[in-house]
Structure formats: structure tokens, C-alpha cells
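Chemist: The structure follows.
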């Protein structure tokens, strides 16, 4: 099926806007930095950039802490903002009051102190996606094991006669790759527990990691011999990332809300109080449960609620989360997300035939989809053609 320009923009608008903004920031700041004399940059531009950075960081941290709502991942982002803000504030104070070697932006290479500070900030910025993908996994013991290689590399840089700057600067990438390796398991967990794409926003995590990777790349570039042009571009990009990420995290739902999790993906803290005893005939019991669920879905139509989730099935099937998820996958051969959206698609087909003049956005809302974009994507993936094309074919008969 060919995708029209309108459908492409509807489906990938956020990614397109994000990519364009990144390109503009990097391109414009790099171009402008070529016309800034070193002396002007050192005396005027550097303090201004640092004021912008720590102001955005502190303001973002204040807003996040005021609206953390008990969410650990939000608090971790607030601490990350505080760490970055205090780092830039210390930079500015040392720059204005007592210039130190660690603050020498005109040096050919980063000093060992700068390497350590940069790695610590890189590690801090990975805390948020780590907690989002694996809540509760980051314990004090794991934190120590993550920081030890960083400290060892920086200490080694003092000893060896050559610079290990680029190697040291690459260490946060290892942590970032470790975090990204959890995305697939996170998506599977969400699809087994929720019916709305609002809870399966893996794209946001990917966008966040892309921004971290760009900042890390500029950091490695600076390690090989930096000038004010590289620092200028990185600083403006950091300001954008802090502001953009704060806005996204502030209005993002927590898929783990209300779920006891302690070691990632909700394993090990299940609510076993509603476990059923083992049936005498498992196949007969499974068929009875499937019939009861089918009848309830057809009569009550709970899937019309966009916030319909796996644990809502307990009103019909008194099982815990693990058993419910396993029952859906074994019985219907798909995760809960797909199971629910198949009912929504059938409801949408019925509406399109009964009321051919209804707008697709209204159909999406009435059938339980969070938006027209989600409806179009889900329908196209399941049926093979867009809902508009399906409606035209059926109503033409």
C-alpha cells in the first residue's frame, strides 16, 4: 500500500519535526561559531551559554520535582538536571572568579578532570531511560559497578604517557548501548499489559538516546582537540535537549504506575492474592475462560475505553498479571495489545459500514483508539490497507 503525504505526515510528524529541529540547531550553531573570534567567545559567549544552560537545568528540576507525583523516573530526571546545572554553575564561578586548568576551553585536549566530569554527567543522563525501561533495577550496588570502570579509566589516564581521552569519553556509550538493549523487552511488556500506544512510546526513548549520542559524539570530538566552535555547538544542543526532555517527561504517562516492580518488567512482585487453584481439566477450564472473556468483550465492550488494560480482565478472570498475560498469548496467539485492538478494528468496520459519512477521527475516538494516527496505523497493520481505502471498497459494493 502506498502512503500518501498526508498519512506520512500524520504518522511521523513528531519524528520529522524532531529531526528538522536537531539539524537546524547543529547546523546554525556550527555555522555561526565560525564567525566568533576566540577572544569574544572566551570573554562574552562562554558565560552567556553557561547561564542559559544552568538556568534551564535548575528551572526544569524545580518543575519536575513539583510534579514528580511519586514517580521515581521523574525524580531521577530532576536529579540529572540538578547535576548538569551545578556542573555549569561551578564552571561559570571558576571561570569568573578563579580560572583553573580544568576550565581551559582553549586547550588542545580535555584535562583528566574534564574527562571525569564529562563521564559522570554522561552516566547521570542515562539514569532516566534506565529507570523507564527497567524500573527498580538500578540499585546502589549496580551504580558502584557502573562507576568503577569510569574511575579506573580516568586514573589510568594519569599514569600512561599518552592521552586516553577519546577512550574514556566513549565509556558512557557502553552504558547507553546497555540501556538500549532493553527496549525490545520493554515493548513486549507494554504490549502484554496495555491496549493504548500512549503506554508504548518507545520512540521517545529512542529520541532521547539519539540526543545523548549526539552530545557524546561532540564530547569525543572535543577530546581530540577542541576549540570554541565545538563547545558553542554542544552548549546550544545541551540547552535544547534539557528543555525538550523536561517537557516530554513532564507530560509522559508512566506505564509502571500502580504496579509493584523491583527488578524490571514487573517480574517477582506479582499480586498472588487472586491465584486460582489448578483446574482438574486444564483444557476445559481454558475453554471456559475463553468463552467467558469473549462474551464479556462482546457484551460489555470494555475495549471502547482507550485506557483499557490487562488487569481490567480480572473482573471476569480472577488471575494475577502473569497468568492473565500468559492466558491471552496462549489462547489467542497474540499479546493483549493486539487482542484488544482486533476488537476495536471490528467495531470500526461496523461503524464505517453503518455510517459511511462519519469522520475517521470520530470513528477512532468511538472505538477506543487514543488518536486517529494510532487508529490508522493499527488498522493498516492488521488489515493490510488503510481504513479510508477499506471503507471505499466496502461502500462501493
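Chemist: Would you mind calculating the relative contact order of the stretch 276-396 from Cα pairs under 8 angstrom and at least 6 residues apart, reporting the percent as a whole number? Present the calculation step by step, with values, prior to reporting the outcome.
Modeler: Values: 89 pairs, mean separation 24.7, N = 121.
Here the relative contact order equals 20 percent.
Chemist: Using a 10 Å cut-off on Cβ atoms, rank the peptides 339-346, 147-154, 167-174 from the highest mean neighbour count down.
Modeler: The packing order, highest mean first, is 339-346, 167-174, 147-154.
Chemist: What's the exposure ranking of 43, 183, 363, going from fewest to most Cβ atoms within 10 Å? List each step's numbers first, then the result.
Modeler: Values: 43 10, 183 16, 363 23.
Sorted ascending by nearby Cβ count, the order is 43, 183, 363.
Chemist: Given a Förster radius of 35 Å and the C-beta distance between residue 42 and residue 370 as r, what FRET efficiency does 1/(1 + (r/R0)^6) yield to the nearest 0.05? Walk me through the numbers before you get to the answer.
Modeler: On the way: r = 50 Å, r/R0 = 1.43.
Calculated value: 0.10.
Chemist: Could you put 176, 324 in order, starting from the residue whose Cβ has the fewest other Cβ atoms within 10 Å? Numbers along the way, then the final one.
Modeler: Numbers: 176 20, 324 23.
By the 10 Å Cβ count, ascending: 176, 324.
Chemist: While we're looking at this one, here's another question. Order of 287-293, 138-144, 77-83, 59-65 by packing, highest average Cβ count within 10 Å first? Can you show the working numbers first?
Modeler: Numbers: 287-293: 14.3, 138-144: 10.7, 77-83: 22.4, 59-65: 18.1.
So the peptides 287-293, 138-144, 77-83, 59-65, ranked by packing, come out 77-83, 59-65, 287-293, 138-144.
Chemist: Then there's this: Treat each spin label as a single point 7 Å out from the Cα along the C-beta direction, and report the residue 143 to residue 158 distance in nm.
Modeler: The answer from the label model is 2.3 nm.
Chemist: Starting from the Cα-Cα distance between residue 178 and residue 97, subtract it from 0.36 nm times their residue separation and give me the gain in nm to one decimal.
Modeler: Working: separation 81, 0.36 × 81 = 29.16 nm, distance 3.99 nm.
Taking 0.36 nm per residue and subtracting the Cα distance, the gain is 25.2 nm.
Chemist: Can you sort 131, 247 from fewest to most other Cβ atoms within 10 Å of each residue's own Cβ?
Modeler: On the way: 131 22, 247 12.
Going from least to most buried by this count: 247, 131.
Chemist: Could you tell me the calculated FRET efficiency between residue 188 and residue 90, based on Cβ-Cβ distance and R0 = 45 angstrom, to the nearest 0.05? Could the numbers behind the result be given before it?
Modeler: On the way: r = 42 Å, r/R0 = 0.94.
The formula returns an efficiency of 0.60 here.
No value in this document is a laboratory result; all are computed from the given coordinates. Keep in mind the model is a prediction, meaning the values are calculated, not measured. Every residue, glycine among them, receives a Cβ derived from its backbone with ideal geometry; neighbour counts consider all protein chains shown.
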